[in-house]
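K.L.:
Below is one structure. I have some questions about it.
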Amino acid sequence: MLTITLDDVVKPYLHLPTAIQTALIRVETHPTFRALTKGALKVLKTLVTRASSVNGMATIRARVDRMAEEAKLCEKTVQRSLRKFAEFDWVHPMSDGRSEYGVFESKRYVFTPALCELIALPTKCKPSPAPAQETQMSDGAIYVDLSLKKDLQEISIKNREGQPPTLPPTVTKIPEETGISATGVCKLLGVARRADYKLEDVYLIAKPYLEKIGTNAVRCYRYLHAMLVNPKKVDYAGKAAQERRNGDTDPAKALAAIAAHCRFKRYYHVSNGIRVRFFDGTAEVSRDGNCELYAGTQMQGLYKGIANGNLVEVIE
């Protein structure tokens, strides 16, 4: 028969203050919390680890995605649990997750006196609404999630030394095409690895949509992240393989490659004496002393001439 002692419960949290360890023991053992699902219990313990050990009603800052990662749950389960805690009058949100400038940030939560009493957390005063934008001089104990502090410090040091994170060759084009920083791509690689996906496959599937709507770096990052953390398992590898097979025989892509190759070069026709000077999206076509500027759909005929071997590059 398996026996779980209090030492087993507290062991993962020995680095936390004694008051927080006591609160976690209460969460594990108090009869009130037995009605919670295992997922909701994990979310509650994740919140308790962020609480102040001297004032249980101090404002807590926490991100849903970080709590989901720590509790090994999906974000939907975390959100449902938080709503349930609000119904029980245990935890109340203090902000909607946006700053006064509309920028996404960590949400703020506060424990109610009822929950503090259940988990034996000390309280000092009633919480006041958190300011829209905090500064270094803000009053009150504010918990900041620094679980990634070490990784961020290492990345910051490399950046200051002029050595940004080195990306694998398969994803080096993502920063150039989307504007996502190398650090952001590194984080997406980690998320993809945990979900057993390849970031290059996910990006290949998302790329046509991203190009169509013309998103910026922030929206591109969020879109890729949402695809990676989708609770529904998707065969991105199979779809990407199909996309690559289609891309190999796509005439439009083949012409686009020819257009990129022949920019600012000269060509001549093997039979009728036409000479072509290509620019960026336009071309100057000379025949019998007459010169004409080609553009738009006229360029497709020239590109096809190169593909068919009728136009040959002039080697100077």
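The values are calculated or read from the model by the stated rules, or taken from the named source; none is laboratory data. This one's a predicted model, so the numbers in the text were calculated from it and none came from an experiment. Don't worry about glycine lacking a Cβ; one is built from the backbone with ideal geometry, like all the others, and counts go over all protein chains shown. For the accessible areas, the whole protein counts, side chains as well, though only heavy atoms, and no ligand, DNA or RNA atoms are used. Shrake-Rupley method; radii C 1.70, N 1.55, O 1.52, S 1.80 Å.
K.L.:
Can you name the residue in the range 195-217 that is open to solvent by 70 Å² or more (accessible area, probe 1.4 Å) and touching a residue at least 24 places away in the same chain (Cβ under 8 Å) and, of all such residues, is farthest from PRO175 (Cα to Cα)?
P.N.:
Residue satisfying both the conditions and the ranking: LYS198.
K.L.:
While we're on this one: Could you go through the range 93-105 and let me know if any residue there is of a type in the set (D, E, K, R), at pLDDT 90 or above and within 28 Å of PRO231 (Cβ to Cβ).
P.N.:
no
K.L.:
Looking at the range 27-46 only, could you name the residues that are modelled with pLDDT of 90 or more, part of a helix (DSSP H, G or I) and open to solvent by 30 Å² or more (accessible area, probe 1.4 Å)?
P.N.:
Result: LYS38, LEU41, LYS42, LYS45.
K.L.:
A further question on this structure: I need the full set of residues from the range 276-316 which are free of Cβ contacts under 8 Å to residues at least 24 places away in the same chain and charged (D, E, K, R), in order please. So that I can check it myself, show each step before the final result.
P.N.:
Taking the range 276-316 and keeping what is free of Cβ contacts under 8 Å to residues at least 24 places away in the same chain, we get 277, 279-298, 301, 308, 315.
Result: ARG277, ASP280, GLU284, ARG287, ASP288, GLU292.
K.L.:
Can you tell me which residue within the range 106-131, out of those that are of a type in the set (S, T, N, Q) and modelled with pLDDT of 50 or more, is most open to solvent (accessible area, probe 1.4 Å)?
P.N.:
THR123
K.L.:
Got at least one residue in the range 285-296 being touching a Phe, Trp or Tyr at 6+ places or on another chain (Cβ under 8 Å) and within 18 Å of ASN310 (Cβ to Cβ)?
P.N.:
Yes, there is a match, as at least one residue in the range 285-296 is touching a Phe, Trp or Tyr at 6+ places or on another chain (Cβ under 8 Å) and within 18 Å of ASN310 (Cβ to Cβ).
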